[in-house]
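No value in this document is a laboratory result; all are computed from the given coordinates. Small disclaimer: the values here were computed from a predicted structure and weren't measured. For neighbour counting, all protein chains shown are included, and Cβ atoms are generated from backbone atoms with ideal geometry for every residue, glycine included.
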Amino acid sequence: MIGEIDLSTGALIQERRTDIVYGWNDTTQGMRLVFEFKCMGRQKKHRNHYLLEQGLGRFVTGIYSRRQAVAAMVGVLLDPEADVVPPIREALEDAALATALRLKPTSGGDPIARPSNMFTAADFDTEHERDPSLAPTHGTIRVSHFFLAFGIREAP
């Protein structure tokens, strides 16, 4: 867990956790790539947990990846990919969810860029408008979505 501390009182102002942060810094630039992991089954509650404020929403309206241009959502699949990932892509087409997630459509008007423009192993990317206090200078964050099978036994 990491957080922000009030330097005058030593009180914890805000506590947060990130799953993995990969960072580097050199003399010309620095970056922190945050990975958020979610266990994913076919149930709607798993999809909501992945997409809403405890998942993807952390990169949109939350404090994850503050001032960073790139982040990664990783779904660890408990059910077959065909039962989990297409419903996530379909959910992102919903206008209300797109508004809540501040989705910025691709140049073709789609809510997702598939295949990913950033990582060949990612299934798709989404781009989101962020509040100026959280955004990099260009105002958006691009999130790559990875899905990893874990212990799934496909039917013969």
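Among the chymotrypsin sites (Phe, Trp or Tyr not before Pro) in the stretch 68-151, those located in a DSSP loop and surrounded by at most 11 other Cβ atoms within 10 Å of their own Cβ are 150. Sites listed here are trypsin sites (Lys or Arg not before Pro) in the stretch 49-101 whose DSSP assignment is loop and whose Cβ has at most 14 other Cβ atoms within 10 Å: 67.
For residue 120 and residue 100, the FRET efficiency from 1/(1 + (r/R0)^6), where r spans their Cβ atoms and R0 equals 22 Å, is about 0.15.
Modelled this way, with points 7 Å down the Cα-to-C-beta line, the labels at residue 39 and residue 148 are 1.5 nm from one another. Prolate is the label for the stretch 79-156, because the ratio a/c of its alpha-carbon gyration tensor axes (a ≥ b ≥ c) is 1.5 or higher and a/b is greater than b/c.
In the stretch 114-144, which residues have a backbone nitrogen under 12 Å from the label point lying 7 Å from residue 89's Cα in the Cα-to-Cβ direction? Within reach of a label on residue 89: 114-116, 123-125. Taking the DSSP beta bridges with both ends in the stretch 72-145, the antiparallel portion is around 80 percent. Proximity of backbone amide H atoms, modeled 1.01 Å from N, is registered between residue 124 and 116, 145 at under 5 Å, excluding neighbours fewer than 5 places apart on the same chain. The GluC sites (Glu not before Pro) of the stretch 77-151 that DSSP puts in a loop, and whose beta carbon has at most 15 other beta carbons within 10 Å, are 93.
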